[in-house]
Amino acid sequence: MSVPLSTHSGVTDGAMRSAPADIAANPAAGQQRLGRLFSGGATGLLVVALGLFILGPLVLLVVAAFAQSWFYPSVFPSHWTLSWWLTVLDTSGLLESVKWSFVFAFTVTAVSAVVCLPAAYAFGRKSFAGKRLMMMTIFATGAFPKIGLYIAIASLFYSLHLMGTFTGVVIIQLLSTLVVMTWIPAAAFAAVPESLIEVARDCGVGPLRTFFSVTLPLARPTIIVAFILAFLASLDEAQGTFLIGVPTYVTMPVQMYNLVADYPAEATAVFAILLTVPSLVLLMVARKHIFSSTLAQGYHLR
Amino acid sequence: MRGRSRLAEGILPFLAGCVPILVVLVFTGLPIVLAVLYTFGDTGGLNATVAAVAQHQVVAKDGLTLGAYRAFFDSSDLRADLWATLWITGLSTVILVAVAWVLALFVRFGNRRLGHVASTLYLIPMFIPVVIASYALVTFWEANGRLAALLNSAGITHLGMPGYTSLGVVIGLVWTELPFGVILISAGLQSVPAVLIDAGRDVGASWVRLLWQVLVPLNKIPTLIVLIFTAVGALGSFTIPDLMGANSPQMLGVAMTDYYQSYGEPQMAEVMSVIIFLVALGLSCIYVVSLRSEKRRQAMRSESN
């Protein structure tokens with residue numbers, strides 16, 4: 001019995017793509033199989049439980065943002081108000097933190113792309129000495145606990161005069177994007193079929209033009225996902241930004257930490273919603289790409 | 001011409017690979033080396049800055065000393081924290097893999113419309129900043145929280161709620177890692193050809209047998225990746241255990257932040273980091289080794305055909 005384990009080599013990538021297509025082409029077969037594995041009741045229960053688990057806390061957070069006050073044991077707040085929104089929007093520093101979050105997220109994503117994408121291309125399409133060691137180094141150094149790393153980096157930054165600087169914060173946030181920006185695009189480049197590139201080269205197309213009109217367009221959807229994940233990693237980073245950037249550079253998650261400690265729960269809820277909006281917009285944009293199998297390929301060591 | 005192609009095939013890719021490696025070596029590798037030296041009592045060089053203001057540090061007279069590690073294992077609180085870190089990581093990883101498998105099976109073989117709903121749902125945590133997620137989850141799961149209020153109104157009052165306990169941390173870790181787990185395992189399941197499953201069904205194999213003898217063996221590697229990446233992430237996590245966990249025992253990620261920021265003991269914080277790092281490196285080695293043996297087995301299998 002031959003089992004095309006396409007997951008682990010770029011060469012048989014076609015087999016991997018065809019599997020979902022089989023289901024799409026023959027939905028009836030899929031439905032029939034369902035009948036055995038998941039009965040109707042179990043299916044409904046599973047989706048409802050998943051919905052409650054994932055959405056329950058988030059939905060109630062949104063409700064809290066419009067409540068005057070809401071304490072146990074009331075199931076729902078009795079009085080509603082918009083005043084927390086005004087409080088939050090009036091608090092100095094909050095809008096400033098939104099600005100800094102985005103300035104850093106764009107800068108970090110761009111720097112990360114410049115640093116990592118050429119390497120990702122090399123990891124994905126070339127074989128050279130030390131490749132696997134390089135990929136493993138990028139992953140393994142990410143396994144050192146962040147706070148321990150930041151304490152040691154602080155010593156380094158003091159001597160390099162990077163404490164409290166814009167560059168310092170960019171470097172700290174850049175570190176949390178390196179794995180996604182190398183591993184995932186490397187998988188995307190590896191998934192481009194060799195035959196297409198050979199055809200282009202046989203037609204006398206130069207290597208640069210082949211790259212820009214064949215390789216890059218095919219890899220683009222997955223690379224966009226890597227950009228989004230890097231952007232999110234930067235938006236999410238709180239601990240390092242706090243240690244290096246305070247007091248000049250306070251981003252949204254750093255501000256959120258202060259709020260959780262100092263503000264009433266309702267005001268925190270409002271800020272939480274504001275902080276989630278940009279991420280949700282990204283979710284909408286990325287939804288159709290994120291489930292590509294190449295994204296999953298990104299976590300395979302080649 | 002030959003020289004040029006060697007440049008394109010060997011040297012340029014190597015140099016391109018070196019760029020992120022350089023960033024990693026300077027801003028992660030070097031600090032890790034400094035941190036490790038510091039835990040062995042070396043307070044000179046670049047470590048002088050952090051050592052100058054530190055409390056209760058062990059300084060090596062000449063050479064290196066294990067004193068700081070001895071202090072860690074002598075403290076019963078810290079031993080409890082280490083134990084909590086390990087079991088919270090283990091439990092959340094196992095639960096995550098189990099849930100991810102069920103959801104991935106559902107998306108692949110279940111009702112298509114509901115599968116689509118499910119696959120939107122499980123992606124959501126990926127896009128919620130961790131600080132927000134922890135805050136939302138703890139207000140939901142705490143003893144006087146939203147869920148307790150709901151249950152209370154239904155007359156259920158004696159249930160222990162997991163908010164601000166180690167179990168709360170497990171819930172938080174599963175919640176945030178769910179998208180990653182399902183994406184990886186679904187992609188693995190998608191790559192199992194439908195023909196193979198149909199053939200199994202045709203010869204009358206039950207779903208349980210198909211699962212154990214076809215689907216699970218073919219998805220060892222994605223499952224392993226989810227196990228390792230999730231466990232490594234959970235070991236050093238800070239935000240979720242800090243906002244959702246108990247005051248004691250704490251996960252080491254929280255304890256090390258306290259030792260650094262509140263007690264002024266960066267050396268003990270670094271000792272904890274090194275201990276977690278060793279566990280994480282051990283897990284990464286399992287990943288590399290079993291990946292290699294799995295690839296060898298596949299190569300043998302395809303040769304024998």
Residues of the stretch A:154-197 being within 12 Å of chain B (Cβ to nearest Cβ) and among the β-branched types (Val, Ile, Thr), in sequence order, are A:THR167, A:VAL170, A:ILE171, A:ILE172, A:THR177, A:VAL179, A:VAL180, A:THR182, A:ILE184
Please tell me if B:THR157 is among the β-branched types (Val, Ile, Thr), farther than 23 Å from A:THR222 by Cβ, in the same structural domain as B:ILE95 (by TED's automatic domain parsing) and modelled with pLDDT under 85.
yes
Out of (1) part of a helix (DSSP H, G or I); (2) of a type outside the set (S, T, N, Q); (3) closer than 21 Å to B:MET256 by Cα, the odd one out for B:LEU103 is which?
(3)
Scope the stretch B:96-118; condition open to solvent by 10 Å² or more (accessible area, probe 1.4 Å) and without any contact (Cβ under 8 Å) to a residue 40 or more places away in the chain; matching residues
B:ALA98, B:VAL102, B:ASN111, B:ARG112, B:ARG113, B:LEU114, B:HIS116, B:VAL117
Entirely in the stretch A:204-276, the helices (runs of 4 or more DSSP H) that have 1 or more residues that are open to solvent by less than 40 Å² (accessible area, probe 1.4 Å) and within 9 Å of chain B (Cβ to nearest Cβ)
A:216-236, A:239-245, A:252-262
Please go through (1) under 17 Å from B:THR85 (Cβ atoms); (2) open to solvent by 10 Å² or more (accessible area, probe 1.4 Å) for B:VAL169 and return the number of the only condition it doesn't satisfy.
(2)
Is at least one residue of the stretch B:263-274 within 22 Å of B:SER166 (Cα to Cα), open to solvent by 50 Å² or more (accessible area, probe 1.4 Å), assigned by TED's automatic domain parsing to the domain that holds B:ALA187 and touching a helix residue (DSSP H, G or I) at 6+ places or on another chain (Cβ under 6 Å)?
no
Looking only at the stretch A:133-167, count how many residues are under 28 Å from B:MET251 (Cα atoms) and assigned to a helix (DSSP H, G or I).
18
Residue check: is B:GLY17 within 30 Å of A:ARG132 (Cα to Cα), within 12 Å of chain A (Cβ to nearest Cβ) and free of Cβ contacts under 8 Å to residues at least 40 places away in the same chain?
yes
Any chance you could count how many residues in the stretch B:195-244 are farther than 28 Å from A:VAL180 by Cα and either more than 9 Å from chain A (Cβ to nearest Cβ) or not charged (D, E, K, R) (or both)?
18
Residue under evaluation A:LYS131, criteria (1) among the charged types (D, E, K, R); (2) over 20 Å from B:ARG292 (Cα atoms); (3) open to solvent by less than 40 Å² (accessible area, probe 1.4 Å), criterion not met:
(2)
Some residue of the stretch A:133-148 being within 26 Å of B:LEU235 (Cβ to Cβ) and either hydroxyl-bearing (Ser, Thr, Tyr) or away from every other protein chain (no Cβ under 14 Å) (or both):
yes
Only one of (1) free of Cβ contacts under 8 Å to residues at least 12 places away in the same chain; (2) over 17 Å from A:LEU275 (Cα atoms) does not apply to A:ASN258, and that is (2)
Regarding B:LEU224, is this residue part of a helix (DSSP H, G or I), touching a residue at least 12 places away in the same chain (Cβ under 8 Å), hydrophobic (A, V, I, L, M, F, W, C) and open to solvent by 20 Å² or more (accessible area, probe 1.4 Å)?
yes
What pairs can you find where one residue is in the stretch B:126-137 and within 7 Å of chain A (Cβ to nearest Cβ), the other is among the polar types (S, T, N, Q) and not in a helix (DSSP H, G or I), and their Cβ atoms are less than 9 Å apart, with a gap of 6+ or different chains?
B:VAL130/B:SER237
Residues that are under 18 Å from B:GLY245 (Cα atoms): which helices (runs of 4 or more DSSP H) entirely in the stretch B:135-205 hold 2 or more of them?
B:146-153, B:166-190
So how many residues does the stretch B:280-305 have that are surrounded by 12 or more Cβ atoms within 10 Å (Cβ to Cβ) and of a type in the set (Val, Ile, Thr)?
2
Go through (1) in a helix (DSSP H, G or I); (2) farther than 22 Å from B:GLY253 by Cβ one by one and return the number of the condition A:LEU174 breaks.
(2)
Residue in the stretch A:75-84 that is modelled with the highest pLDDT, counting only those that are in contact with a strand residue (DSSP E or B) (Cβ under 9 Å, 6 or more places away or on another chain) and in a loop (DSSP other than H, G, I, E, B):
A:THR81
Any residue in the stretch A:55-79 that is under 15 Å from B:LEU147 (Cβ atoms) sitting within a Cβ distance under 8 Å of a residue that is open to solvent by less than 50 Å² (accessible area, probe 1.4 Å) and of a type in the set (Asp, Glu)? List the pairs, counting only those 6 or more apart or interchain.
A:ALA64/A:GLU266; A:TRP70/A:GLU266
From the residues in the stretch B:248-305 that are free of Cβ contacts under 8 Å to residues at least 40 places away in the same chain and not in a helix (DSSP H, G or I), which one is farthest from the other protein chains (Cβ to nearest Cβ)?
B:SER262
Search the stretch A:221-278 for residues being of a type in the set (Val, Ile, Thr) and touching a Gly at 6+ places or on another chain (Cβ under 9 Å), and hand back the single one that is farthest from B:LEU243 (Cα to Cα).
A:THR222
Does the stretch B:175-194 contain any residue that is in contact with a Leu (Cβ under 8 Å, 6 or more places away or on another chain), more than 8 Å from every other protein chain (Cβ to nearest Cβ) and surrounded by fewer than 18 Cβ atoms within 10 Å (Cβ to Cβ)?
no
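The values are calculated or read from the model by the stated rules, or taken from the named source; none is laboratory data. The shown structure was predicted, so the numbers you read here are calculated from the model rather than taken from an experiment. Glycine gets a Cβ as well: all are built from the backbone with ideal geometry, and neighbour counts include every protein chain shown. The accessibility values were calculated without ligands, DNA or RNA, using every heavy atom of the protein model including side chains. Shrake-Rupley method; radii C 1.70, N 1.55, O 1.52, S 1.80 Å.
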